[in-house]
Amino acid sequence: MTGDLIDGYLAELRASLRRLPQERTAEILAEAEDHLRESVAAGVAIGMTEREAQEAAISAFGSVRAVVRAHNLRSRQVAADLVLTGLRLGWTGMFAIAASGFVALAMNHLAGTSFVGGTPAPAGTYTAAQCAHWLSNWPGAGTCGQAAVLEASSDAVSLRVIGGGLGGILLLGCYLLAATYWRRRAPVPVLPSGFFPLAAAAVFTAGALALVVCTFTGGPFGAPAGPGVFLSGAIVAATAAVAFVARARHILR
(Lines give C-alpha, C1' and ligand atoms only; values in the text may rest on other atoms or scores of the structure.)
Protein backbone atom coordinates (compact mmCIF):
# COMPACT_ATOMS: atom_id res chain seq x y z
CA MET A 1 0.00 0.00 0.00
CA THR A 2 1.21 3.48 -0.81
CA GLY A 3 0.09 6.85 0.52
CA ASP A 4 -1.94 6.83 3.71
CA LEU A 5 -1.66 3.34 5.18
CA ILE A 6 -4.71 3.80 7.36
CA ASP A 7 -6.89 4.61 4.34
CA GLY A 8 -5.58 1.55 2.54
CA TYR A 9 -6.22 -0.65 5.57
CA LEU A 10 -9.77 0.66 5.95
CA ALA A 11 -10.49 0.14 2.24
CA GLU A 12 -9.35 -3.49 2.50
CA LEU A 13 -11.41 -3.94 5.66
CA ARG A 14 -14.47 -2.44 3.97
CA ALA A 15 -14.14 -4.86 1.04
CA SER A 16 -13.80 -7.84 3.37
CA LEU A 17 -16.89 -6.80 5.38
CA ARG A 18 -19.10 -6.36 2.32
CA ARG A 19 -21.38 -9.25 3.30
CA LEU A 20 -22.33 -7.72 6.63
CA PRO A 21 -25.24 -5.25 6.85
CA GLN A 22 -24.22 -1.74 5.81
CA GLU A 23 -25.00 -0.30 9.23
CA ARG A 24 -22.80 -2.86 10.94
CA THR A 25 -20.00 -2.34 8.41
CA ALA A 26 -20.11 1.43 8.94
CA GLU A 27 -19.99 0.96 12.71
CA ILE A 28 -16.97 -1.36 12.53
CA LEU A 29 -15.12 0.95 10.13
CA ALA A 30 -15.80 4.00 12.30
CA GLU A 31 -14.52 2.23 15.41
CA ALA A 32 -11.45 0.97 13.57
CA GLU A 33 -10.61 4.38 12.13
CA ASP A 34 -11.00 6.11 15.49
CA HIS A 35 -8.74 3.59 17.17
CA LEU A 36 -6.12 3.70 14.40
CA ARG A 37 -6.02 7.49 14.18
CA GLU A 38 -5.65 7.78 17.96
CA SER A 39 -2.80 5.27 17.91
CA VAL A 40 -1.08 7.20 15.09
CA ALA A 41 -1.40 10.47 17.01
CA ALA A 42 0.08 8.83 20.10
CA GLY A 43 2.96 7.44 18.05
CA VAL A 44 3.75 10.80 16.45
CA ALA A 45 3.64 12.40 19.88
CA ILE A 46 6.47 10.20 21.13
CA GLY A 47 8.69 10.93 18.12
CA MET A 48 7.68 8.47 15.41
CA THR A 49 7.32 9.56 11.82
CA GLU A 50 3.80 9.53 10.40
CA ARG A 51 4.43 6.35 8.43
CA GLU A 52 6.10 4.58 11.35
CA ALA A 53 3.16 5.48 13.56
CA GLN A 54 0.70 4.18 10.97
CA GLU A 55 2.59 0.90 10.60
CA ALA A 56 2.71 0.44 14.38
CA ALA A 57 -1.00 1.24 14.74
CA ILE A 58 -2.02 -1.28 12.07
CA SER A 59 0.28 -3.95 13.50
CA ALA A 60 -1.19 -3.49 16.98
CA PHE A 61 -4.78 -3.43 15.72
CA GLY A 62 -4.46 -6.74 13.87
CA SER A 63 -4.71 -8.04 10.32
CA VAL A 64 -7.84 -7.50 8.26
CA ARG A 65 -8.42 -11.24 8.29
CA ALA A 66 -8.36 -11.36 12.09
CA VAL A 67 -10.73 -8.41 12.42
CA VAL A 68 -13.20 -9.88 9.93
CA ARG A 69 -13.05 -13.26 11.64
CA ALA A 70 -13.82 -11.67 15.01
CA HIS A 71 -16.88 -9.88 13.63
CA ASN A 72 -18.07 -12.91 11.64
CA LEU A 73 -18.01 -15.24 14.65
CA ARG A 74 -21.45 -16.86 14.76
CA SER A 75 -22.55 -20.34 15.73
CA ARG A 76 -23.72 -21.13 12.19
CA GLN A 77 -20.37 -20.16 10.73
CA VAL A 78 -18.47 -22.13 13.36
CA ALA A 79 -20.63 -25.17 12.57
CA ALA A 80 -20.04 -24.74 8.83
CA ASP A 81 -16.27 -24.54 9.30
CA LEU A 82 -16.36 -27.63 11.53
CA VAL A 83 -18.31 -29.53 8.85
CA LEU A 84 -15.74 -28.49 6.24
CA THR A 85 -12.96 -29.63 8.55
CA GLY A 86 -14.71 -32.98 9.03
CA LEU A 87 -15.08 -33.46 5.27
CA ARG A 88 -11.44 -32.54 4.77
CA LEU A 89 -10.37 -35.03 7.42
CA GLY A 90 -12.64 -37.59 5.75
CA TRP A 91 -11.15 -37.42 2.27
CA THR A 92 -7.64 -37.17 3.67
CA GLY A 93 -8.25 -40.30 5.75
CA MET A 94 -9.77 -42.22 2.83
CA PHE A 95 -6.80 -41.45 0.60
CA ALA A 96 -4.53 -42.55 3.45
CA ILE A 97 -6.42 -45.87 3.53
CA ALA A 98 -5.84 -46.22 -0.22
CA ALA A 99 -2.15 -45.49 0.30
CA SER A 100 -1.95 -48.19 2.97
CA GLY A 101 -3.25 -50.64 0.36
CA PHE A 102 -0.20 -49.95 -1.78
CA VAL A 103 2.03 -50.43 1.27
CA ALA A 104 0.32 -53.79 1.88
CA LEU A 105 0.94 -54.70 -1.76
CA ALA A 106 4.65 -53.99 -1.31
CA MET A 107 4.66 -56.14 1.84
CA ASN A 108 3.02 -59.01 -0.04
CA HIS A 109 5.88 -58.98 -2.54
CA LEU A 110 8.72 -58.27 -0.12
CA ALA A 111 7.71 -60.21 2.99
CA GLY A 112 5.30 -62.80 1.57
CA THR A 113 1.54 -63.12 1.61
CA SER A 114 1.52 -64.70 5.07
CA PHE A 115 2.97 -61.49 6.56
CA VAL A 116 -0.20 -59.70 5.47
CA GLY A 117 -2.75 -62.53 5.19
CA GLY A 118 -1.69 -64.48 8.27
CA THR A 119 -1.03 -68.19 8.68
CA PRO A 120 -3.51 -70.90 7.66
CA ALA A 121 -5.93 -71.89 10.43
CA PRO A 122 -6.26 -75.54 11.51
CA ALA A 123 -8.41 -77.85 9.41
CA GLY A 124 -12.10 -77.62 10.20
CA THR A 125 -11.96 -73.93 11.07
CA TYR A 126 -13.58 -72.80 7.83
CA THR A 127 -16.99 -73.78 6.51
CA ALA A 128 -17.40 -75.69 3.29
CA ALA A 129 -18.90 -72.64 1.62
CA GLN A 130 -15.93 -70.49 2.60
CA CYS A 131 -13.46 -73.05 1.32
CA ALA A 132 -15.33 -73.40 -1.97
CA HIS A 133 -15.35 -69.66 -2.45
CA TRP A 134 -11.68 -69.14 -1.64
CA LEU A 135 -10.50 -72.11 -3.69
CA SER A 136 -12.52 -70.89 -6.68
CA ASN A 137 -10.67 -67.58 -6.44
CA TRP A 138 -7.27 -69.22 -5.81
CA PRO A 139 -7.32 -72.63 -7.56
CA GLY A 140 -3.57 -72.96 -7.25
CA ALA A 141 -3.58 -72.62 -3.46
CA GLY A 142 -3.88 -76.36 -2.84
CA THR A 143 -5.53 -76.13 0.59
CA CYS A 144 -8.42 -74.17 2.01
CA GLY A 145 -6.18 -72.52 4.62
CA GLN A 146 -3.67 -71.30 2.05
CA ALA A 147 -6.50 -69.97 -0.12
CA ALA A 148 -7.82 -68.06 2.89
CA VAL A 149 -4.39 -66.48 3.41
CA LEU A 150 -4.17 -65.45 -0.23
CA GLU A 151 -7.69 -64.03 -0.09
CA ALA A 152 -6.90 -62.00 3.04
CA SER A 153 -3.63 -60.67 1.63
CA SER A 154 -5.35 -59.72 -1.62
CA ASP A 155 -8.29 -58.04 0.13
CA ALA A 156 -5.88 -55.95 2.20
CA VAL A 157 -4.77 -54.39 -1.07
CA SER A 158 -7.81 -54.28 -3.32
CA LEU A 159 -10.44 -53.28 -0.78
CA ARG A 160 -8.30 -50.43 0.57
CA VAL A 161 -7.20 -49.09 -2.79
CA ILE A 162 -10.66 -49.25 -4.36
CA GLY A 163 -12.68 -48.34 -1.27
CA GLY A 164 -10.30 -45.66 -0.04
CA GLY A 165 -9.86 -44.16 -3.50
CA LEU A 166 -13.57 -44.01 -4.31
CA GLY A 167 -14.46 -42.81 -0.81
CA GLY A 168 -11.77 -40.14 -0.98
CA ILE A 169 -12.97 -38.89 -4.35
CA LEU A 170 -16.58 -38.75 -3.12
CA LEU A 171 -15.71 -36.89 0.07
CA LEU A 172 -13.35 -34.56 -1.79
CA GLY A 173 -16.17 -33.68 -4.19
CA CYS A 174 -18.53 -33.01 -1.29
CA TYR A 175 -15.88 -30.86 0.38
CA LEU A 176 -15.24 -28.79 -2.74
CA LEU A 177 -18.95 -28.20 -3.31
CA ALA A 178 -19.56 -27.27 0.33
CA ALA A 179 -16.48 -25.05 0.47
CA THR A 180 -17.44 -23.21 -2.73
CA TYR A 181 -20.96 -22.61 -1.45
CA TRP A 182 -19.94 -21.49 2.00
CA ARG A 183 -17.00 -19.31 0.97
CA ARG A 184 -19.40 -17.24 -1.13
CA ARG A 185 -21.45 -16.57 2.00
CA ALA A 186 -18.54 -16.18 4.43
CA PRO A 187 -15.26 -15.60 2.58
CA VAL A 188 -13.14 -15.50 5.75
CA PRO A 189 -13.06 -18.78 7.74
CA VAL A 190 -13.93 -18.51 11.43
CA LEU A 191 -11.61 -21.28 12.60
CA PRO A 192 -7.89 -20.42 12.65
CA SER A 193 -5.76 -21.78 9.83
CA GLY A 194 -3.85 -24.07 12.20
CA PHE A 195 -6.99 -25.89 13.35
CA PHE A 196 -7.11 -28.46 10.55
CA PRO A 197 -3.46 -29.60 10.64
CA LEU A 198 -3.63 -29.89 14.44
CA ALA A 199 -6.85 -31.93 14.24
CA ALA A 200 -5.42 -34.12 11.47
CA ALA A 201 -2.20 -34.66 13.42
CA ALA A 202 -4.22 -35.77 16.46
CA VAL A 203 -6.42 -38.14 14.44
CA PHE A 204 -3.54 -39.76 12.54
CA THR A 205 -1.43 -40.05 15.69
CA ALA A 206 -4.26 -41.86 17.49
CA GLY A 207 -4.78 -44.09 14.46
CA ALA A 208 -1.08 -44.93 14.21
CA LEU A 209 -0.88 -45.85 17.89
CA ALA A 210 -3.98 -48.05 17.66
CA LEU A 211 -2.65 -49.83 14.58
CA VAL A 212 0.73 -50.43 16.22
CA VAL A 213 -1.05 -52.08 19.15
CA CYS A 214 -3.05 -54.23 16.72
CA THR A 215 0.15 -55.21 14.92
CA PHE A 216 1.40 -56.94 18.07
CA THR A 217 -1.93 -58.15 19.47
CA GLY A 218 -3.61 -59.35 16.28
CA GLY A 219 -6.46 -56.87 16.34
CA PRO A 220 -10.03 -57.21 17.59
CA PHE A 221 -11.72 -58.64 14.50
CA GLY A 222 -10.68 -62.28 14.59
CA ALA A 223 -10.35 -62.52 10.80
CA PRO A 224 -7.31 -64.17 9.16
CA ALA A 225 -4.64 -61.51 9.23
CA GLY A 226 -0.92 -61.12 9.64
CA PRO A 227 0.93 -58.21 11.25
CA GLY A 228 1.34 -56.52 7.87
CA VAL A 229 -2.40 -55.77 7.71
CA PHE A 230 -2.10 -53.36 10.61
CA LEU A 231 1.54 -52.35 10.14
CA SER A 232 0.84 -51.05 6.62
CA GLY A 233 -1.83 -48.75 8.01
CA ALA A 234 0.36 -47.70 10.93
CA ILE A 235 3.16 -46.65 8.57
CA VAL A 236 0.86 -44.45 6.51
CA ALA A 237 -0.87 -42.98 9.58
CA ALA A 238 2.44 -42.19 11.28
CA THR A 239 3.78 -40.55 8.11
CA ALA A 240 0.65 -38.42 7.80
CA ALA A 241 0.82 -37.48 11.49
CA VAL A 242 4.42 -36.28 11.16
CA ALA A 243 3.55 -34.28 8.03
CA PHE A 244 0.59 -32.57 9.71
CA VAL A 245 2.59 -31.81 12.85
CA ALA A 246 5.22 -30.11 10.68
CA ARG A 247 2.49 -28.18 8.85
CA ALA A 248 0.88 -27.08 12.12
CA ARG A 249 4.23 -25.90 13.51
CA HIS A 250 4.87 -23.90 10.35
CA ILE A 251 1.47 -22.19 10.55
CA LEU A 252 1.67 -21.51 14.28
CA ARG A 253 5.01 -19.82 13.86
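The values are calculated or read from the model by the stated rules, or taken from the named source; none is laboratory data. Just so it is clear, the structure is predicted and the values come from calculations on it, not from any experiment. Cβ: placed from backbone, ideal geometry, glycine included. Neighbour counts: every protein chain shown.
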Scan the helices (runs of 4 or more DSSP H) fully inside the stretch 91-197 and keep the ones with 1 or more residues being among the small types (Gly, Ala, Ser) and in contact with a Ser or Thr (Cβ under 6 Å, 6 or more places away or on another chain).
113-117, 144-185
Within the stretch 21-77, restricting to residues that are touching a residue at least 12 places away in the same chain (Cβ under 8 Å) and of a type in the set (S, T, N, Q), the one that is farthest from ILE6 (Cα to Cα) is GLN77
Here are some conditions: (1) part of a helix (DSSP H, G or I); (2) in contact (Cβ under 8 Å) with a residue 40 or more places away in the chain; (3) over 17 Å from the mean Cα position of the chain (by Cα); (4) crowded, with 18+ Cβ neighbours inside 10 Å. THR215 meets all but one. Which one does it not meet?
(2)
Would you mind stating whether ALA98 is free of Cβ contacts under 8 Å to residues at least 40 places away in the same chain, aliphatic (A, V, I, L, M) and at negative phi?
no
Can you name the residue in the stretch 55-71 that is within 17 Å of ALA30 (Cα to Cα) and touching a Leu at 6+ places or on another chain (Cβ under 8 Å) and, of all such residues, is modelled with the lowest pLDDT?
HIS71
What residue, among those in the stretch 229-253 that are in a helix (DSSP H, G or I) and charged (D, E, K, R), is surrounded by the fewest Cβ atoms within 10 Å (Cβ to Cβ)?
ARG249
Across the stretch 79-122, the tally of residues that are more than 17 Å from the chain's Cα centre (by Cα) and of a type outside the set (S, T, N, Q) stands at 18
Residue count, the stretch 88-110, condition surrounded by fewer than 19 Cβ atoms within 10 Å (Cβ to Cβ), over 20 Å from ALA208 (Cα atoms) and in contact with a Phe, Trp or Tyr (Cβ under 8 Å, 6 or more places away or on another chain), comes to 0
Among the candidates ALA208, ALA152, ALA178, which residue alone is within 23 Å of ARG247 (Cα to Cα) and in the same structural domain as GLY101 (by TED's automatic domain parsing)?
ALA208
